[in-house]
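Q: Mind having a look at this structure? Questions to follow.
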Amino acid sequence: MPVRRLPSHPNLDHLKHQAKDLIKAHVARTLAAAQLIREFHPRFSGATDAAIFAAPFNLASAQLTIARESGFPSWTRLKRRVEKPVLSDQLDLPHQERIEDPVFRHAVDLIDAGDAAGLRAHLKQHPKLARQHVVFEGMNYFHNPSLLEFIAENPIRHNKMPQNIVAVTEVILESGPKADIDQAALDATLLLVATGSVPEASGKQIPLIDLLCDSGADPSSAIRAAVLHGCLPAVQALTRRGAKVDLAVAALGSAENFRRILKTASAEERHLALAVATQYCRVEIVRILLDAGEDPNRYNPVGGHSHCMPLHQAAGYGTIELAKLLVERGARVDIEDVLWKGTPAGWAHHAGRTEMEAYLRSLEQAAAKPA
């Protein structure tokens, strides 16, 4: 789920209260608390609700969860941000303006200007730049990007990219021995390109995908994120480059192929596939998964719009047919999402979907009546 970004002037006491409230929610065994802890506390990654509720959960654990939910690796780092902010903490500034290292900042400026010749000369003068990273905190991603990752314009910094961005990227990739650009940086850049709105709008997404894959990026590392972000041209390009079509990707294809892959899919793949099928309103695929035993009353998995459940997605941008299918299979209408505390009916209201909202409100009212 997206991180909860700190306000311009965060209050440490307020953050401490959030941690104490999380402890109370853990004691009360709320599903939203379990989802929050599962996503942001590393000790509980992948744990079941029951395991989370059965485990001790003290103030230090709660503070770590709140810190990571805010985009910081520890409570200590969050506390430092509140008490002694530095340039890189100014989230209202574009990322390039938050870079404190002038040499790295100049390299990013050359990328943004499309100055391939200037960048080549700068990298020759500073050969370690190609494998250097900078640290950003307080965001959902782009925490520790390499220079290469800045070519993707994701997160958006200028809302445009140079027409020669492919040539600029080649300069970085060719700036030194191949080992200078590690696999993690290649894969991270590919994911940013494949899910970026600016590369797609500029017509550079597919050429950059091909260049990065030619340079060793793993197409399978980006395809799930491309699916979940609705980037279908990137999905097609990554598939063409040999990305693995797992169950979540197959949820966009034929029911016959989906059933074939389902036979050997893991529990984690099934869970994510339900999130994808609901997101894309693939009613037949959702039915297949429900028939196979998937629970509609689980929050979506990490990386798959994990702040909500399938019925929230159906309410916000699905069809009445899909919502009715989920309800018939036991989906609850009273569960709130983790981020905005909205029920499925609330999502329908926010999206201006009057028919969907009326249907869900009627179910809420029926459930509230005494037996």
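Q: Relative contact order of segment 249-368: what whole-number percent is it, with Cα pairs under 8 angstrom and at least 6 residues apart? Intermediate values should be presented prior to the final figure.
A: Values: 155 pairs, mean separation 22.9, N = 120.
It rounds to 19 percent for segment 249-368.
Q: With 10 Å bins from zero, work out the P(r) of segment 95-244 over every alpha carbon pair and list the percent per bin.
A: 12, 45, 36, 7, 0
Q: Name the residues whose placed amide hydrogens come within less than 5 Å of the amide hydrogen of residue 136, ignoring near sequence neighbours (fewer than 5 apart) on the same chain.
A: Result for residue 136 returns 144.
Q: Summing Lys, Arg as +1 and Asp, Glu as -1, what charge do residues with Cβ under 9 Å from the Cβ of residue 346 carry, residue 346 excluded?
A: Spelling it out: positives minus negatives among the neighbours equals -2.
Q: Tell me the relative contact order for the chain as a rounded percent, counting alpha carbon contacts under 8 Å between residues six or more apart.
A: Values: 517 pairs, mean separation 38.5, N = 371.
It comes to 10 percent, rounded to a whole number.
Q: Whole number please: convex hull volume per residue, Cα atoms of segment 12-85, in Å³. List each step's numbers first, then the result.
A: Values: hull volume 5.4 nm³, N = 74.
Taking the convex hull of the Cα positions in segment 12-85, it is 72 Å³ per residue.
Q: Enter the per residue convex hull volume of the chain, computed from alpha-carbon coordinates, in Å³ rounded to the nearest integer.
A: Spread over its residues, the Cα hull of the chain gives 155 Å³ apiece.
Q: Tell me whether segment 14-168 comes out rounded, prolate or oblate; compute the Cα gyration tensor, take square roots of the eigenvalues as a ≥ b ≥ c, and use a/c under 1.5 as the rounded threshold.
A: prolate
Q: Only four residue types carry charge here, +1 at the Cβ of Lys and Arg and -1 at the Cβ of Asp and Glu. Report the dipole size of segment 249-368 about the Cα centre in Debye, rounded to the nearest 20.
A: Here segment 249-368 has a charge dipole of around 200 debye.
Q: Over the chain, with a Gaussian network built from C-alpha contacts below 10 Å, which listed residue (254, 175, 88) shows the highest mean-square fluctuation?
A: Of 254, 175, 88, the Gaussian network model singles out 254 as fluctuating most.
Q: Quick check: from the Cα gyration tensor, does segment 162-234 come out rounded (a/c under 1.5), prolate or oblate? Please report the intermediate quantities before stating the final value.
A: Working: a/c = 2.59, a/b = 1.33, b/c = 1.95.
Oblate, because a/c is 1.5 or more while a/b does not exceed b/c.
Q: If you add up the charges near residue 230, with Lys and Arg at +1 and Asp and Glu at -1, over every other residue whose beta carbon is less than 15 angstrom from its beta carbon, what do you get?
A: Net of charged neighbours comes to +1.
Values in this text are rule-based calculations from the coordinates and carry no lab data. Just so you know, these numbers come straight off a predicted model, no measurement behind them. Every residue, glycine among them, receives a Cβ derived from its backbone with ideal geometry; neighbour counts consider all protein chains shown.
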